[in-house]
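Undergrad: Sending over a structure as structure tokens; questions will come in a sec.
Read-outs throughout are calculated quantities, based only on the coordinates presented, and are distinct from any laboratory measurement. Since the model is a prediction, treat every value here as computed from it, not as a measurement. Cβ sites come from the backbone with ideal geometry, for glycine too, and all protein chains shown count toward neighbours.
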Amino acid sequence: MNANELMRVASAMVARGKGILAADESTGSIKKRFDSIKLESTEEHRRTYREMLFTAPGAAEWVSGVIMFDETLRQKTKDGTPFPQYLAKQGMLPGIKVDTGAKPLAGYPGETITEGLDGLRERLIEYRGLGARFAKWRAVIDIAEGIPTAFAVRANAQALARYAALCQENDIVPIVEPEVLMDGGHSIERCEKVTDQVLDCVFHELYEHRVLLEGMVLKPNMVISGKKAPNRAPPQTVAEATVRVLKRHVPPAVPGIAFLSGGQSPAEATLHLSLINRLGPLPWALTFSYGRALQETALKGWAGQAANFTAGQQELAKRARLNGLATAGRYGAEMESQAA
Ligand code: 13P
């Protein structure tokens with residue numbers, strides 16, 4: 001393990017004004033996204049879409065790194081440059097999703113455990129050889145009647161910590177992503193309690209597994225009302241609750257926190273990030289690692305049409321720029337109506 005390199009890469013991932021593009025949809029997830037624009041999910045369409053995103057002019061100014069799926073890490077731009085090499089040349093760190101998905105947790109109806117530890121060391125060695133400098137593993141915690149159980153939280157936290165230790169052993173910075181879902185009708189107070197419990201458990205396990213906190217990035221949910229909740233909490237309340245919970249659990253040794261968007265609209269995710277960053281000074285960089293909130297408008301703008309390639313890229317660059325401004329608390333909703 002090269003601690004200096006891990007610390008250098010982790011800091012670069014959360015460098016001032018920059019965040020991460022999560023483009024690591026599995027083959028199943030990207031099919032759902034393509035269904036929304038009535039595009040068949042072929043390997044070539046997936047390659048073209050990712051090339052559209054990665055080569056968007058101006059994006060590298062705001063994007064520190066890109067999370068890819070196994071297939072994407074092995075694909076190339078149309079002039080034959082492997083994506084990881086292309087990204088590195090532009091100054092963006094190549095990253096790889098290494099979990100194999102959340103599966104039903106036996107004995108615990110309605111809860112999941114994220115899989116992918118078997119053979120992970122060997123896969124990490126291969127991924128590093130292909131250019132990956134960081135990785136991602138997502139644990140999924142759902143809120144509903146009677147769940148999450150303490151057992152499911154602990155099982156997921158242990159898997160996250162084992163993954164993180166294996167990454168660092170192989171000089172890959174782990175993104176540790178414990179996602180408390182916003183799918184239900186729960187209140188923001190319930191989300192706060194569950195996020196408290198989850199982060200407490202995750203940092204305990206990271207310590208037990210001897211993970212170097214200076215060489216990782218945390219990717220949490222924001223503390224937010226469930227999507228179907230009546231009277232959802234306003235943006236300022238979300239920002240304050242999120243910072244309150246992070247302060248309780250995330251040691252200042254962690255260089256940065258990069259939020260997931262989790263089903264928030266693009267504008268909502270950007271506004272929340274900006275309000276959070278106005279609550280500083282805080283001990284960590286607070287930035288984005290958005291999937292849907294960065295890609296939604298780009299996907300629609302492109303719509304699978306070669307003629308819209310540039311239009312899609314402009315949409316991605318716009319969202320990257322607005323989120324980059326939000327990391328300094330400098331985003332305003334009026335910026336949404338300005339040209340892409
Ligand atoms: P969303 O921002 O769409 O939640 O995706 C981020 C991610 O990487 C989920 O694992």
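Undergrad: Can you tell me which of (1) touching a strand residue (DSSP E or B) at 6+ places or on another chain (Cβ under 7 Å); (2) free of Cβ contacts under 8 Å to residues at least 60 places away in the same chain is the one residue 216 doesn't meet?
TA: For residue 216, the exception is condition (2).
Undergrad: Right, here's the next one. Would you confirm, using the coordinates I've provided, whether residue 96 is of a type in the set (Val, Ile, Thr), within 18 Å of the chain's Cα centre (by Cα) and within 19 Å of residue 174 (Cβ to Cβ)?
TA: yes
Undergrad: In the set 279, 275, 286, which member is among the hydrophobic types (A, V, I, L, M, F, W, C), away from the ligand (no atom under 16 Å from the Cβ) and crowded, with 20+ Cβ neighbours inside 10 Å?
TA: Only one candidate passes the filter, namely 275.
Undergrad: To continue, here is another question. Test residue 266 against the criterion of being under 19 Å from residue 58 (Cβ atoms), surrounded by fewer than 23 Cβ atoms within 10 Å (Cβ to Cβ) and either without any contact (Cβ under 8 Å) to a residue 60 or more places away in the chain or more than 16 Å from the ligand (Cβ to nearest atom) (or both), and give yes or no.
TA: Values: under 19 Å from residue 58 (Cβ atoms): yes; surrounded by fewer than 23 Cβ atoms within 10 Å (Cβ to Cβ): yes; either without any contact (Cβ under 8 Å) to a residue 60 or more places away in the chain or more than 16 Å from the ligand (Cβ to nearest atom) (or both): yes.
Judged against the criteria, residue 266 is a match.
Undergrad: Among the residues of region 302-323, is there at least one that is surrounded by fewer than 22 Cβ atoms within 10 Å (Cβ to Cβ), of a type in the set (Gly, Ala, Ser) and within 18 Å of residue 196 (Cβ to Cβ)?
TA: no
Undergrad: Being of a type outside the set (A, V, I, L, M, F, W, C) and either part of a strand (DSSP E or B) or under 19 Å from residue 71 (Cα atoms) (or both) is the filter here, so list the residues in region 91-111 that pass it.
TA: Passing the criteria: 94, 95, 97, 99, 100, 101, 103, 104.
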